[in-house]
Amino acid sequence: MDLSTVVVATTREVLAQLPPGPLSAPAEARRRTLRSPSDRDDFVAARLLAARLLREAGVGDVAPADLGQSCDVCGGEHGRPVPLSGLHVSWSHSHGWVAAGVSAARLGVDVEAEVGAGVAADAGGGLPKEALTGTERAFVAQAPDAARTFRLAWTAKEACVKAGAAQLDRIGEFDVLAGPDRLLPSTGALLLSAHRLRGATAAAASASRPTWHTLGRDGALVPLPGSGRAVGTPA
């Protein structure tokens, strides 16, 4: 497997192609608080996908129960995933979509479905513009599809947060967009990359350039078209 790998797939694909496995006690407790069966499936599928990547990386017979999290603020068993066998891991889920990434260096991944609440326009057609810089607000305003452009920025900024390079309440203070339809190559020490799929956008912020995949038959990793294009250019 490449040094830095990101996989994005639908929850349905993950649950159909990967063997089930138990969650850790804290994760299972959180899963039970989710009211929607589809949200519970997303929660499980993201962790199944992360465990699959760690096994591919040679960590061993990793199960979702082996995945830990730790809050940078309170130290609780939530927040950023804990590295396993020296590998950084990240995962995300949104309305039937999941993404996961594994790397020897720091990384964060995020996925947002087109119906994702975090980036959906409200009844008045507005978007949470406080998440954007002035330059990015201008890009969104001139974009043919404002929600699509906002979703690209949102996922990249969320990925930076998950990589530990930014705080969620300050994502409006740094740029990730180079235009209405593309990311900057990097922000700080992290490279930015993204993939658009039918129904979702996924982004990664990583210290090394990632390769992008989806799931094939029997859980095989299949490279996504455009995976080799320049960092910062959404496929």
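THR33 falls short on exactly one of the conditions (1) buried (at least 20 other Cβ atoms within 10 Å of the Cβ); (2) over 16 Å from the mean Cα position of the chain (by Cα), and that condition is (1). For the stretch 15-73, residues that are in a helix (DSSP H, G or I), among the basic types (Lys, Arg) and free of Cβ contacts under 8 Å to residues at least 24 places away in the same chain total 4. Close Cβ contacts (under 8 Å, 6 or more residues apart or on different chains) running from residues in the stretch 154-168 that are farther than 14 Å from ALA189 by Cβ and open to solvent by less than 10 Å² (accessible area, probe 1.4 Å) to residues that are assigned to a helix (DSSP H, G or I) and β-branched (Val, Ile, Thr) comprise LYS157/ILE171. For the stretch 94-110, a tally of residues being surrounded by 24 or more Cβ atoms within 10 Å (Cβ to Cβ) and out of contact with any helix residue (DSSP H, G or I) (no Cβ under 6 Å at 6 or more places or on another chain) returns 6.
Suppose we filter GLY75, GLY96 for residues that are of a type outside the set (S, T, N, Q) and at pLDDT below 90; which single one remains? Lay out the reasoning, then the answer.
On the way: GLY96 fails: at pLDDT below 90.
Criteria check complete, one pass: GLY75.
Among the residues of the stretch 181-214, the ones that are closer than 23 Å to ASP145 by Cβ, at pLDDT below 95 and part of a loop (DSSP other than H, G, I, E, B) come to 3 in all. Across the stretch 219-235, the number of residues qualifying as at pLDDT below 90 and either open to solvent by less than 50 Å² (accessible area, probe 1.4 Å) or among the charged types (D, E, K, R) (or both) comes to 7.
Looking at the stretch 140-153, which of its residues are touching a residue at least 40 places away in the same chain (Cβ under 8 Å), hydrophobic (A, V, I, L, M, F, W, C) and crowded, with 24+ Cβ neighbours inside 10 Å? Give the steps one after another, and end with the answer.
So in the stretch 140-153, the residues touching a residue at least 40 places away in the same chain (Cβ under 8 Å) come out as 140, 148, 151-152.
With the extra rule that they be hydrophobic (A, V, I, L, M, F, W, C), the set shrinks to 140, 152.
LEU152, the sole residue that qualifies.
Scanning the stretch 169-199 for residues that are basic (Lys, Arg), crowded, with 16+ Cβ neighbours inside 10 Å and more than 16 Å from the chain's Cα centre (by Cα) yields one hit, ARG182. The numbered conditions (1) in a loop (DSSP other than H, G, I, E, B); (2) under 20 Å from the mean Cα position of the chain (by Cα) are all true for ALA9 except (1).
The values are calculated or read from the model by the stated rules, or taken from the named source; none is laboratory data. Quick caveat, the model's predicted, so the values are computed rather than measured. Note that we place each Cβ from the backbone using ideal geometry, even for glycine, and neighbour counts take in every protein chain shown. Side chains are part of the model used for accessible areas, which takes the heavy atoms of the whole protein and leaves out ligands, DNA and RNA. Shrake-Rupley method; radii C 1.70, N 1.55, O 1.52, S 1.80 Å.
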